[in-house]
Amino acid sequence: MNILILGSGGREHALAWAAHQNPKCDKLIAAPGNAGMASIATLSTLDTNDRGAVVTFCEEEAIDLVIIGPEAPLASGVADRLREAGIAVFGPSRAAAELEASKRFTKEICDAAGAPTAAYAHFTDPASAKAYVAEQGAPIVIKADGLAAGKGVIVAMEDADAFAALDDMFSGAFGEAGAEVVIEEFMTGEEASFFVLCDGEVALPIGTAQDHKRIGEGDTGPNTGGMGAYSPAPVLTEALQAQVMDQIIRPTLSEMAKRGTPYQGVLYAGLMIENGQARLVEYNVRFGDPECQVLMMRLGAQALDAIQAAAEGRLNEAQIHWADDHALTVVMAADGYPGSYARGSVIKGLDALLDDSFHKVFHAGTKEIDGAITANGGRVLNVTARGESLKEARDRAYAMVDDIEWTESVHRRDIGWRALD
Ligand code: AMP
Ligand code: GLY
C-alpha cells in the first residue's frame with residue numbers, strides 16, 4: 001500500500017512511524033514532513049492545502065491512502081476532493097470539520113444529540129452579549145465562534161474580564177472568527193481527551209490522553225500547543241469511556257449522519273470530568289499534538305489497519321489489541337517558545353539514544369543542515385517512551401531528554417504529574 005501523510009509535526013511523524021511499522025506499508029510519502037520523517041518517508045513539497053494539486057499528486061504516485069494530520073487541509077476541503085476522486089482518505093469532509101471550525105455548530109449538534117456540555121448562548125452583537133454576562137455573572141467562558149489559532153477562548157474569572165474579551169472579539173481581535181461569540185457556563189473538574197476513529201457510522205475508541213497546555217511547570221505561564229502528554233488518562237475510567245460513547249460520541253455521529261454530513265476520521269473529544277460525569281468541552285477533527293505521539297507509541301502498527309478501515313468505511317471489521325501499557329512524551333521547544341525564538345541551533349546526541357518500540361524521538365520543527373539536525377520551529381522534539389507503568393515511561397523519557405545536547409531549549413520536568421501524584 002502506498003501512503004501519503006499530510007503535515008509536518010510530531011503528530012505526523014508518529015503517524016508515519018506507526019504506518020511504517022506495518023508490513024502493508026510499501027511506499028510512504030510525507031508532505032511537507034520533517035527531518036525525523038526523512039529516514040522512513042520520502043518528503044515532498046506538495047502544497048497540502050491545494051485540493052487539485054493533492055489529487056494530481058496522488059494519481060501520479062499511485063497513492064492508496066491519504067492520512068491528513070492537521071486541520072488546515074480539512075478546512076480547505078482536501079478530503080472531499082480526494083473522496084470524489086475515489087482515493088481513500090482519513091479525515092472528515094469540510095462540512096463535518098465544522099465540528100472544530102465552529103463552536104456554535106458544535107453546541108447545536110450537542111443540543112440535537114442530547115450530549116452533555118456546558119450551558120451556552122450565542123451572540124452577534126456586543127450589547128446583548130454583555131447583558132447576558134451581567135445576568136449570568138462570572139466565572140464565565142467567552143469563545144470566538146471560529147478558528148482563532150487556539151487563542152479564541154477566554155475563561156473570565158471576573159465580569160470585567162468577560163466584558164473586555166467581548167470588546168476585543170467584536171472589535172475584530174480575532175478577525176472573522178470573532179464576529180460571532182459563544183458564551184458558556186464555566187465548568188469545573190479535570191480535563192482529559194478521548195480519541196475515537198469513525199467511518200461515518202461506526203465508532204472505535206483508540207485511547208485516552210492528557211495534555212499539558214501551559215509552558216511552565218505546575219501548569220503556569222502562557223498557553224502553548226502542548227508541552228507533553230501521556231496515555232492512558234486514569235481519570236477516564238472504562239465506565240466513563242462507555243458513558244462518553246453512549247451519551248456524546250454515538251449521538252454526535254448519528255446527528256452528523258442524519259444531516260447528510262457523516263463524520264469520518266478521528267474525533268478528538270475534549271472532556272471535563274466531575275463527580276463521575278463527563279461533559280464535552282470541545283471537539284477537534286484531527287489528532288491532538290502531542291497526544292497522537294503517545295497514542296501511536298501504544299498502538300504501533302495496528303494503528304494503520306484501524307485508520308485504513310476508517311477511511312474505507314469498514315471499521316466494523318477493525319479491533320484494537322490493547323496492551324496494559326503507558327506512554328509519555330516530553331516536548332522540547334526552542335528557548336523563547338511560545339513567544340519569539342531563534343531557528344538554527346544544532347541538536348546533538350540524538351543518534352546515541354535508544355530507538356525501539358519503548359523509546360522514540362518524534363520530530364516536529366527540525367531541519368537537517370549539512371548532516372546536522374537543527375531547530376526549525378517552536379516545538380521541536382517529542383521525546384516519547386512506553387513502559388509497564390506511567391512512572392517507567394516517564395523515567396525512560398526523561399533519561400532520553402537528559403542525553404540530548406541542546407542548550408537553546410526548554411521543556412517541562414513535570415509531565416504526568418496529575419496521574420503520578
Ligand atoms: P476549547 O478551545 O473550547 O477547548 O477551550 C480551550 C480551553 O479552555 C479548554 O481546554 C478548557 O481548559 C477551557 N474551557 C473551554 N470551555 C470551558 C468551559 N465551559 N468551562 C471551563 N473551561 C473551559
Ligand atoms: N494538544 C492540543 C491539540 O492538539 O489541540
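The values are calculated or read from the model by the stated rules, or taken from the named source; none is laboratory data. Note that the coordinates shown come from a computational prediction; the quantities given were computed from them, not determined experimentally. A quick note on method: Cβ atoms are made from the backbone with ideal geometry, for glycine too, and the neighbour counts reach across all protein chains shown. In case anyone asks, the SASA skips ligands and DNA or RNA and just uses the protein heavy atoms, side chains included. Shrake-Rupley method; radii C 1.70, N 1.55, O 1.52, S 1.80 Å.
Observations, loosely collected:
- The range 173-252: relative contact order as a whole-number percent, Cα under 8 Å and 6+ apart: 21
- Heavy-atom accessible surface of the chain: percent carbon and sulfur, 1.4 Å: 47
- Antiparallel DSSP beta bridges within the chain, as percent of all bridges there, nearest 5: 80
- Separation between Cα centres of the range 194-241 and the range 78-133, rounded to whole Å: 20
- Spacing of the two label points (7 Å from each Cα toward its C-beta) at Arg314 and Met157, in nm: 5.4
- The order of the peptides 139-146, 201-208, 354-361, 342-349 by mean Cβ neighbours within 10 Å, most packed first, is 139-146, 201-208, 354-361, 342-349.
- Gaussian network model of the chain, springs between alpha carbon atoms under 10 Å - residue of Gly91, Gly387, Gly221 with greatest fluctuation: Gly221
- Using the 1.4 Å probe convention, the accessible area of the chain works out to 40 Å² per residue with neighbouring protein chains retained.
- 14 Å reach of a label modelled at Asp246, 7 Å along Cα-to-Cβ, counting backbone N of the range 103-135: 116
- For the options Ala79, Ala19, Ala95, a Gaussian network treatment of the chain with springs between C-alpha atoms closer than 10 Å singles out Ala95 as fluctuating the most.
- Coil-residue GluC sites (Glu not before Pro) of the range 137-192, DSSP, other Cβ within 10 Å capped at 12: Glu158
- Using the Cβ-Cβ distance between Lys348 and Lys391 with R0 set to 30 Å, the FRET efficiency works out to roughly 0.60.
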